[in-house]
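These notes are about the structure you will find just below.
Rule-based calculations on the coordinates, nothing more; no lab input. Being a predicted model, the structure only gives us computed values, none of them experimental. When we count neighbours, we look across all protein chains shown, and the Cβ atoms used for this are built from the backbone with ideal geometry, even at glycine.
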Amino acid sequence: MIEVEVITGRTIDQGKTVEEKFSEEYFNAVNYCEINEQDFKKLGLRDGDRVRVKTDFGEVVVYAKIGDVPEGVIFIPMGPYANRITSDDTDGTGMPRFKGIIGEIEKTDEPVKSVKQLLGVE
Amino acid sequence: MADAVCTFCGNVCDDVEFDVNTQKGKRLCALGLAKFREKERIKSPMINGKEVSYEEAVEETAEILVNAKKPLLYGWSSTVNEAIRYGIILTEKVGGVYDQCSSVCHAPGTLAIIEEGIPGGSLGTAKNRADVIVFWGCNPLEAHPRHPARYSAMAKGFLIKSRKDRKIVVVDVRKTKSAAMADKFIQIKPGYDYAIISALRALVKGEDIEAREVGGVPKEVLAELADMMKSANYGVIFYGLGITQSRGRDRNVENAVKLIQLLNRHTRWVIWPMRGHYNVVGAGEIPAWEVGFQYAIDFSRGYPRFSPAEFSAVEMLLRKDCDAMLVMSSDPAAHFPWKAVEHMKNIPVIQIDPFPNMTTLLSNVVIPSAVAGIEAEGNVYRMDGIVLRVKKLVDSEYWSDEKIVHEILKAVERRL
Amino acid sequence: MLWIKNGIVVDPKNGIDAERMDIFVKNGKIVNEEDVRKEDCRVIDANNKLVVAGGVDMHAHIAGSKINVGRTMRPEEMRVVRQTAGKLRASMGRVLLTSPAIGYEYARMGYTTAVEAATPPIGAPHTHEELDSIPVVDKASLTVFGNWHPVFKYAADRDREKMKAFIAWALERTKGFGVKVVNPGGVEAWMYGGNVRNLDDEVPKWSVTPREIITELVNANEELNLPHSVHLHCNNLGVPGNYQTTIETIKLVSGIRNDSRQVLHVTHVQFNAYAGSSWRDVASGAAEIAKVVNSMDNVTIDMGQAIFGHATAMTSDAPFQFTLHKLTGSRWVNKDTEIEGGAGIVPITYMPKNPVHALQWAIGLELGLLVESDRVVLSTDYPNGGPYTEYPYVMAMLMSRRMREKELDRVSPYVQKATSLPAIEVEKTLYEVIEMTRSLPARVMGLESKGHLGTGADADIAIYNLNPNDLDPASQYDVVNREFRVPAYTIKDGEIIVKDGNLLKETWGRTYWVDARKKASVDSIDSDLNEFFTEYYTVRRENYGVAEYWMRKPERLEVN
């Protein structure tokens, strides 16, 4: 387990599939997190492994990938997985904190839920 | 091939072509091509999962809205101005709350305008004049792919004849795809935008800063950037959600605006947000002229009140303050924090959208619509506030958003 | 059909001064008595009431990107609720108003036509969307030309034919009514951080001067014979000493003639009528300007009256707005626009005890009083000088020296030495004030069916609880100031919209635009336009502009 700062945001694949939310492509575009190579090694991860990301606002299981992010920072594409853990506190602005949420990340054997499972309608 | 205007992102590229028969396009980026291509649609209007006629869905919607004490009408950034205008009037009539996608996107920029204004320019000024462009907390190559070529980094114009006439700076917490096009990439620590902008303000003013680094950036790098900004002939900061969604939010933008105010005492600079959806600007402009505010507007007292802390969609849902919700061409179930989504499960939800999405799964009434820019025409606001008319390329059995909302408005008026 | 009975009519265009007469209305027009069947008429008892044409506001910023970002920047303006939602729309705003409020408030004051004063060409679709959301009044918008690169090119080349073609093309594309010019050359200089300071300053990178831009545009405008003249916001706005630039500019058109109207309209002259060399010794240059305007018969102006209280400065004069931002430290919006020009917006409050603000207030009144009533239009340059809803105050002030003396007591004494206002004895008559708010602005705009009550005019009529034969405006200024705010009736296109100050219904007026394409060879600039668009624009030529079918109620005025 390591402490991380979570960043969420757009990617080209998320954008390409955003109007096809029930497609395999969308699922693959939003169900992972990018981790710095050093952190990836520290967590003992290998390609295809899953991690549990936990913040004060919730937790979610996603696939782990090495990405071009600094140590201690992870990136999750915007979407239903990211939003399980983003901050719902808007500090009176109406804007939740989608970037820079403190959390922790660990390796897990749990499966990644489908979009429908995530929503609790299946 | 038919001339088209793209209805994906805030670029609203008006030079694209698409052939609905062959599903091929010209000059479309990956996002635009995906937008125009055929995909799974909502087949028919539905009430509680049962297929119904448009008329029945409209009546049911009106019934829900009229009977609700405080319905929330949310979305509006991916439809045309004509539909938005009816949506505002509809919200006023039912005494509901109007909010739009900005409130989870660039609305902190609106709060900054309220504090400081905005020294800005249209995209054509960047193209024609900007010899320095800074992309701050935005990733155009993934979010607005043709922005650099058409409007900014690589665009040629009146004073800028080639890419060599211009310096590009990218400031971000991670090395995004867009970092590759920068002459100077500055990687900052997450949440330090405000502090870095403050340091730049001091340096531009000619003051020294005591810290040797700010937000992970050495003082020398900041001093270089400050010099570059001061010696530009015409500079532009394009900023993104890296600023509005991280620590500081509206205060980050406000600070950046103050930096631009200061720079204009030396040379010319403007700042502009990289707005996301193709008509998210319209979703704010139209309520501004119709009722005086851009978003988070409550009509329950018979007149509009603006308060993001109370009437933004996320706050409304978190506090369980709405007892019905209409979602226009948006997917809050996928894009809102989970606790806000949970309240959507407890209240009647009406969805108007061409495509099924996660919100569909939570909706009691689903009204499929024609895709604006392919099956329906109308006006939209490009990210810089310039209006373009998106085109109808093909006939469709689906009703347009404009017609759907107008019919709902009429059905509501019959009940009042 | 309407029969407006026994009213006291003031109709300057037709030389009628407080005569008791009946007015007949059919199909939205004013008609002769014999054209109606009296038994079918709805009778309006106007006995001893003043009957005049609906007011015409020929210069106000009521629609488009400037006022809308003003609203966005100033939510505090929207805390004033003028009307809650019901059968009609919620109506909001202190000085900056929502679009429904703009139409409602004009109607509630007896005004029935309003012209948006400055539309950035590429912003025309936005302007027209907002105009389409303003109820009741008829509308038009002026397209801004003075810093548009093709205009520089054709002025520098002295290519009159291409300039005419460009104007005709641009008015059609923007569905504009006329040629607005704002700080010609100065806004382009602002793109380099500068401004132009006199008529002969060269525009950066263009071998052309403000003098040439203005002269070429006026000549092209006259050769096209557009309904309206060039509508000019002069260089050096808001700068002490600028009255000399204004006078020099006005004199540029001496010798150019048009039999039916002025050849140059200089707008909100109050902001361009400062003598002195700095804000320390600033004084009024209004008397000198008035002398020049009165000596010419081909120039008109409007006042740009400052009203004490809140206002929002918004103009295409972007460098001026930056200066104002630096001066006041207030919020600042700037919008540079393609290769067309720019704009700026800054909140401002005019305070009676502030010497400069009091001076501005006094200069507006001086202009209104010293310039002959057939060449000065009443305006506040809404919302720059303040709200148009204060026109009744300005009307009363022009008519009453006693009211002015009372007001002078509460403003900074600076105006006593820096202006001639305290010494001005002129009291405009009711007839003259009706001229300045009705027939003159209609004539200046070239709107023949507006601003009067002659046969064939649009049935846009205001009826006030004032009997001109029984009123002494000089002493009863409070009655004037009160009653012009609350018409007994406002009639638009023959429909009763307001009764006793209350809004009865919402209707939708026309948007006039001018088609001059028959008077020019638009083909001659075809390849130039293609080049401008390919090289410098971020939209395609095909997608530029407004189509008539998008608009709610367009009315094309073709120039033959």
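Across peptide B:290-298, the average count of Cβ atoms from other chains found within 10 Å of a residue's Cβ is 6.
Here the spin labels are modelled as points 7 Å beyond Cα on the Cα-Cβ line, and at residue C:533 and residue A:89 they lie 5.3 nm apart. Rg/Rh for region C:113-259 (Cα atoms only, Rh after Kirkwood) is 0.97. Under 1.5 on a/c is rounded, so check that first for region C:278-355, then, if it is not, pick prolate when a/b is larger than b/c and oblate when it is not; a ≥ b ≥ c are the square roots of the alpha carbon gyration tensor eigenvalues. Since a/c reaches 1.5 but b/c is at least a/b, the shape of region C:278-355 is classed as oblate. For chain B, find the longest principal axis of its Cα atoms and tell me its angle to the long axis of helix B:219-230, 0 to 90°, nearest 10. For B:219-230 against chain B, the angle is about 80 degrees.
Rounded to two decimal places and with Rh computed the Kirkwood way over Cα pairs, what is Rg over Rh for chain C?
That ratio equals 0.95.
Rounded to the nearest 20 Debye, what is the dipole magnitude of chain B about its Cα centre when Lys and Arg each give +1 and Asp and Glu each give -1 at the C-beta?
It works out to roughly 1420 debye.
Here region B:107-273 was treated as a single set of alpha-carbon atoms; its pair distances binned every 5 Å from 0 give 2, 9, 19, 23, 23, 16, 6, 1, 0 percent.
Given their separation in residues at 0.36 nm each and the Cα-Cα distance between them, residue A:28 and residue A:102 gain 24.2 nm when the chain is fully extended. In region C:183-309 the Cα-Cα distances spread across 10 Å bins starting at 0 as 13, 42, 35, 10, 1 percent of all pairs. Need the C-alpha centroid separation for region C:1-22 versus region B:223-277, integer Å. Answer, in whole Å: 60. Tell me the angle of helix B:81-94 to the major Cα principal axis of chain B, expressed in degrees between 0 and 90 and rounded to the nearest ten. Approximately 60 degrees, to the nearest 10. The GluC sites (Glu not before Pro) of region B:9-44 that meet both conditions, a loop assignment by DSSP and at most 13 other Cβ atoms within 10 Å of the site Cβ, are B:38, B:40. A Förster distance of 35 Å, applied to the separation of the beta-carbon atoms of residue C:479 and residue C:248, puts the FRET efficiency at 0.25. Positive-end ranking of B:49, B:223, B:406 along the dipole of chain B, with charges on Cβ about the Cα centre, is headed by B:223. In a simple Cβ point-charge model (Lys, Arg +1; Asp, Glu -1; nothing else charged), the protein assembly as shown has a dipole of about 1240 debye relative to its Cα centre.
Over chain C, what is the relative contact order in whole percent, taking alpha-carbon pairs under 8 Å and six or more residues apart? Don't jump to the answer; show the numbers that get you there.
Working: 1406 pairs, mean separation 114.5, N = 560.
Worked out over chain C, it gives 20 percent.
DSSP assigns beta bridges within the protein assembly as shown; of those with both partners inside it, close to 50 percent run antiparallel. Lysine pairs in region C:381-531 whose alpha-carbon atoms fall under 25 angstrom of each other, counting only those eight or more residues apart or on distinct chains, come to 10.
Taking Cα atoms only, the orientation of helix B:107-116 departs from the longest principal axis of chain B by about 60 degrees. Where the alpha-carbon atoms of chain A are placed on the principal axes, they occupy 37, 35, 27 Å, in descending order. Toward the positive end of the charge dipole of region B:107-273, with +1 on the Cβ of Lys and Arg and -1 on the Cβ of Asp and Glu, the farthest Cα among B:259, B:141, B:235 is that of B:141.
Mean Kyte-Doolittle of at least 0.5 and a Cα length of 20 Å or more along the axis: which whole DSSP H helices of chain C meet both?
Sorted by number, the helices that extend far enough and score high enough are C:355-370.
How would you classify region C:203-276 from its alpha-carbon gyration tensor, with a ≥ b ≥ c the square roots of the eigenvalues: rounded for a/c under 1.5, else prolate if a/b is greater than b/c, otherwise oblate?
oblate
Relative to its residue count, the protein assembly as shown spans a Cα convex hull of 160 Å³ per residue. In a fully extended conformation the segment linking residue C:425 and residue C:402 would gain 7.3 nm over its present Cα-Cα distance, using 0.36 nm per residue.
Peptides C:217-223, C:95-101 ranked from most to least packed, by the mean per-residue count of other Cβ atoms within 10 Å: C:95-101, C:217-223. Only lysine pairs 8 or more places apart or on separate chains count here, and in region B:8-131 those with Cα atoms under 29 Å apart total 17.
What fraction of the DSSP beta bridges in chain C is antiparallel, stated in percent and rounded to the nearest 5? If we restrict to bridges inside chain C, about 50 percent are antiparallel.
Can you give the FRET efficiency to the nearest 0.05 for residue C:45 and residue C:409, using r as the Cβ-Cβ distance and R₀ = 30 Å? Calculated transfer efficiency: 0.15.
Quick one: Debye curve from the C-alpha atoms of region C:66-131, no solvent, what's log10 I(q)/I(0) at q = 0.14, 0.28 Å⁻¹? Normalising to I(0) and taking log10 leaves -0.46, -1.28.
Give, rounded to the nearest 20 debye, the magnitude of the charge dipole that region B:1-81 has about its Cα centre when Lys and Arg contribute +1 at Cβ and Asp and Glu contribute -1 at Cβ.
Taking the Cα centre of region B:1-81 as origin, the dipole is about 400 debye.
Ordering C:498-509, B:396-407, B:372-383 by mean Cβ neighbour count within 10 Å, with the highest value first, yields B:372-383, B:396-407, C:498-509. Shielding value for C:66-74 is 6, the average number of Cβ atoms from other chains within 10 Å of each residue's Cβ. Across A:105, A:66, A:76, mean-square fluctuation computed from a Gaussian network of chain A (C-alpha pairs under 10 Å connected) peaks at A:66.
The aspartates and glutamates whose alpha-carbon is closer than 14 Å to the alpha-carbon of residue B:164, local same-chain residues fewer than 8 away aside, are B:131, B:183. In the elastic network of chain B, a GNM with C-alpha springs shorter than 10 Å, the most mobile of B:16, B:349, B:365 is B:16.
Distances over 39 Å make up what percent of all Cα-Cα pairs in chain B?
22
Here the calculated FRET efficiency for residue B:55 and residue C:374, from their Cβ-Cβ distance with R0 = 56 Å, stands at 0.40, rounded to the nearest 0.05. Taking 17 Å as the cut-off, the amide N atoms of region C:47-68 that come nearer than this to a point 7 Å along the Cα-to-beta-carbon line of residue C:33 belong to C:47-48. Given the C-alpha centroids of region C:181-244 and region C:35-69, what is the distance between them in whole angstrom? Result: 35 Å between the Cα centres. In a DSSP loop and with at most 10 other Cβ atoms within 10 Å, the trypsin sites (Lys or Arg not before Pro) in region B:174-244 are B:212. Close lysine pairs were tallied over region A:1-69: pairs 8 or more places apart or on different chains with Cα atoms under 21 Å apart number 6. The mean number of partner chain beta-carbon atoms within 10 angstrom of a residue's beta-carbon across peptide B:373-383 is 1.
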